[in-house]
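Undergrad: I have a structure here, written as structure tokens, and I will follow up with some questions on it.
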Amino acid sequence: CVGYTGWRGILDFGLGYVSDDSLRFGDYRGLEEEGFYAALDGDVHYRNLQGRYFDLYARDLGYDSRQLTMRGGNQDRYELRFGWQEIPRYRGYGTQTPFLGVGSDNLTLPTDWVYSSTTSGMTTLDSSLSAAFLKTQRKILDAGGTVKFARNWSFKADFQQQKKDGTRALGAGLYFNNSTILPAAIDYTTNQLDMSLAWSGKRGQAQLGFIGSYFDNGKTSVTWANPFTSMPEHQAFRAAMEPDNEFYQFNLSGAFAVTPRIHLSGRATTGRLTQDDTFLPYTINPRYSDLPLPRSSLDGKLDTSTYNLSGKLFARLNHGFSFTAWAKLDERDNKTPVDIYTQVSTDLFPTVNRYNRPYSYEREQYSADLRYRAHRVIRLSGGAVQNNMD
């Protein structure tokens, strides 16, 4: 029973002030610059006697770390949900770089750059340095709803999109003793869908669900000019970034009371991960441009299956004895094709041919335990556990 009807809540309006510029202080807060900030927070709620409700939670709406959450509906009938969150993250404080084109996938050097085998010989290095903020901003959108129908049935669907933009430090080796730290661009998008159909009764419940996750990287690679003295074929380098990939899973779970003293529950899942981004050439070095790739993409496939009778078989034998049995079967079947690859070490020379090695396994876990309450303050228990892995 609710203790009120109608609207109620608290809204805070005001000003905040930061006394000094500080990227470290702004990490996760979004308050990195000196000055005034709008302080906006609040909670708003609504209830009525017919079961309708609405909740709103707002935090730091005037900052780059803002958060907003809303939900509303009719109790035991339906609910709608919405959320928004931003998270700033600073990965470097006062960082500088001589590279031009920060934020893109092609980093170049100034036209007056002086090449050398060591940084001390790069006489224009100091004059070429400019600020490069290693910062990421994550934006998270949530939306979903739940509908209850036919008395014992309900359907739930939730969608989340995460976007992450900015720059991060990327280390890249050159030759055998030189390296470059690059301000590499980040452009990640992850969409996730979670749906389930549930049934509940007096003696049990069951749920059928689906989860899908889809990752997209807007930057497939980064190319940069070599700041060290080199041969013409080594004036530029390139590295691949994280590839796009997908994952989906179906799951079934449930619990059932066979008798008031014997309960059985379990969960089964099956899913697949895939990754088929087009391969880059082995190297950007034109000397080895004729090295053939064994395939155009990894064509990676990995199947996962889990069968979990865990909630176990629970039986209360009498007032003092209880017995629990638990089993879990877990299988990982990596179907990624096996081929021979020729790596070009630091873009200088090919190495020994190698096979890619996709690994799979099967795991079995079993346990059982018996518990006895000998006295109000004395309990005895014993059990066994077995793990098998191939």
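The values are calculated or read from the model by the stated rules, or taken from the named source; none is laboratory data. What you see is a predicted model; the values in this text were computed from it and never measured. Note that each Cβ is placed from the backbone with ideal geometry, even for glycine, and that neighbours are counted across all protein chains shown. Surface accessibility is based on the protein's heavy atoms, side chains included, excluding ligands, DNA and RNA. Shrake-Rupley method; radii C 1.70, N 1.55, O 1.52, S 1.80 Å.
Undergrad: Counting only C-alpha contacts under 8 Å and six or more residues apart, can you give the relative contact order of region 319-388 as a whole percent? It would help to have the intermediate numbers written out before the result.
TA: Values: 116 pairs, mean separation 25.4, N = 70.
Relative contact order for region 319-388 comes out at 36 percent.
Undergrad: Tell me which of 262, 217, 197 sits at the most positive position along the dipole axis of region 170-280, charges placed on C-beta atoms (Lys, Arg +1; Asp, Glu -1).
TA: Working it through, the farthest residue towards the positive pole turns out to be 262.
Undergrad: Can you tell me, using C-alpha contacts under 8 Å and at least 6 residues apart, the relative contact order of the chain as a whole percent? Before the final figure, lay out the partial values.
TA: Values: 991 pairs, mean separation 32.0, N = 390.
Reported relative contact order: 8 percent.
Undergrad: Treating only the Cβ of Lys, Arg, Asp and Glu as charged (+1, +1, -1, -1), what charge dipole size does region 81-198 show about its Cα centre? Round to the nearest 20 debye.
TA: Details: 12 positive and 9 negative charges, 155 e Å.
Dipole size: approximately 740 debye.
Undergrad: Counting only protein heavy atoms and a 1.4 Å probe, tell me what percentage of region 113-166's accessible area is made up of carbon and sulfur. It would help to have the intermediate numbers written out before the result.
TA: On the way: 1790 of 3220 Å².
Within region 113-166, the accessible surface is 56 percent carbon and sulfur.
Undergrad: Sticking with this one: Rounded to the nearest percent, how much of the accessible area of region 193-306 (1.4 Å probe, protein heavy atoms only) is carbon and sulfur? Display every interim value, and only then the final one.
TA: Values: 3680 of 6230 Å².
The computed percentage sits at 59.
Undergrad: Hey, what do the phi angles of region 372-383 turn into as Karplus ³J(HN,Hα) couplings, whole Hz, using 6.51/-1.76/1.60 and θ = phi - 60°, x for Gly and Pro?
TA: With coefficients 6.51, -1.76 and 1.60, one gets 9, 9, 6, 7, 4, 10, 10, 10, 10, 8, x, x Hz.
Undergrad: If you don't mind, there's one more thing I want to ask. Tell me, what is the FRET efficiency for residue 74 and residue 386 to the nearest 0.05, using R0 = 41 angstrom and their Cβ-Cβ distance as r?
TA: Efficiency, from the Cβ-Cβ distance: 0.25.
Undergrad: Let me ask you something else. Roll a 1.4 Å probe over the protein heavy atoms and report the accessible area of residue 27 in Å², nearest 10.
TA: Probe radius 1.4 Å; accessible area of residue 27 about 20 Å².
Undergrad: Let me ask something additional. Per residue, how much accessible surface does region 234-312 expose to a 1.4 Å probe? Answer in Å², no decimals.
TA: Values: 4530 Å² over 79 residues.
Heavy-atom SASA per residue in region 234-312 reads 57 Å².
Undergrad: Just need the relative contact order of region 348-390 here, percent rounded to a whole number, with Cα pairs under 8 Å and 6+ apart. Before the final figure, lay out the partial values.
TA: Numbers: 42 pairs, mean separation 17.2, N = 43.
So the answer I get is 40 percent.
Undergrad: Dipole size in debye (nearest 20) for the chain around its Cα centre, Lys and Arg Cβ +1, Asp and Glu Cβ -1? Walk me through the numbers on the way to the answer.
TA: Details: 43 positive and 42 negative charges, 555 e Å.
Around 2660 debye, computed over the chain.
Undergrad: Please list, by residue number, every one of the trypsin sites (Lys or Arg not before Pro) in region 63-129 that is coil in DSSP and has at most 15 other beta-carbon atoms within 10 Å.
TA: Working: sites: 66, 71, 77, 81, 89, 91; in loops: 66, 77, 91.
Taking region 63-129 and a limit of 15 other Cβ atoms within 10 Å, the loop trypsin sites (Lys or Arg not before Pro) found are 77.
Undergrad: Looking at 35, 57, 300, which one has the Cα that reaches farthest to the positive end of the dipole of the chain (charges on Cβ: Lys, Arg +1; Asp, Glu -1)?
TA: Working it through, the farthest residue towards the positive pole turns out to be 57.
Undergrad: Excluding same-chain residues fewer than 8 positions from residue 139, which lysines have a Cα within less than 28 Å of its Cα?
TA: 156, 163, 164, 219
Undergrad: Along region 29-35, what does the Karplus equation 6.51 cos²θ - 1.76 cosθ + 1.60 (θ = phi - 60°) give for ³J(HN,Hα), rounded to whole Hz, x for Gly and Pro?
TA: 8, x, 10, 8, 10, 5, x
Undergrad: Considering the dipole of the chain built from charges on the beta carbon (Lys and Arg +1, Asp and Glu -1) around the Cα centre, which of 177, 72, 349 is farthest to its positive end?
TA: 72
Undergrad: For every other residue with a beta carbon closer than 14 angstrom to the beta carbon of residue 241, add +1 if it is Lys or Arg and -1 if Asp or Glu, then tell me the sum.
TA: Neighbour charge sum, excluding residue 241 itself: -3.
Undergrad: With each run of n ≥ 4 DSSP H residues scored as -39500 (n - 2.57), what mean residue ellipticity at 222 nm is computed for the chain after dividing by its residue count and rounding to the nearest 500 deg cm²/dmol?
TA: Details: 2 runs with 8 residues, N = 390.
About -500 deg cm²/dmol.
Undergrad: Please check which bits of region 128-168 a label hung off residue 21 would reach, taking the label as a point 7 Å along Cα-to-C-beta and the cut-off as backbone N under 16 Å.
TA: Inside the label zone: 130-135.
Undergrad: On to the next question. Highest first, please rank the peptides 324-330, 38-44 by the mean number of other Cβ atoms sitting within 10 Å of their residues.
TA: Values: 324-330: 16.9, 38-44: 15.0.
With the highest mean Cβ count within 10 Å placed first, the list reads 324-330, 38-44.
Undergrad: Using a 1.4 angstrom probe on the protein heavy atoms only, line up 269, 274 by accessible area, largest first.
TA: On the way: 269 15, 274 40 Å².
Most to least solvent-accessible, the answer reads 274, 269.
Undergrad: On to the next question. Highest first, please rank the peptides 333-342, 238-247 by the mean number of other Cβ atoms sitting within 10 Å of their residues.
TA: Numbers: 333-342: 13.8, 238-247: 16.2.
Result, highest mean Cβ count within 10 Å first: 238-247, 333-342.
Undergrad: Under a point-charge model restricted to the Cβ atoms of Lys and Arg (+1) and Asp and Glu (-1), what is the dipole moment magnitude of region 52-127 relative to its Cα centre, in debye to the nearest 20? Write down the numbers at each step before the final one.
TA: Values: 8 positive and 9 negative charges, 97 e Å.
Approximately 460 debye in magnitude.
Undergrad: Non-local amide H neighbours of residue 117 (under 5 Å, H modeled in plane, Pro and chain starts lacking H): which ones?
TA: 229
Undergrad: Next question. Can you tell me the FRET efficiency between residue 252 and residue 115 if r is taken as the Cβ-Cβ distance and R0 is 56 Å, rounded to the nearest 0.05?
TA: Values: r = 62 Å, r/R0 = 1.11.
For residue 252 and residue 115, the calculated efficiency is 0.35.
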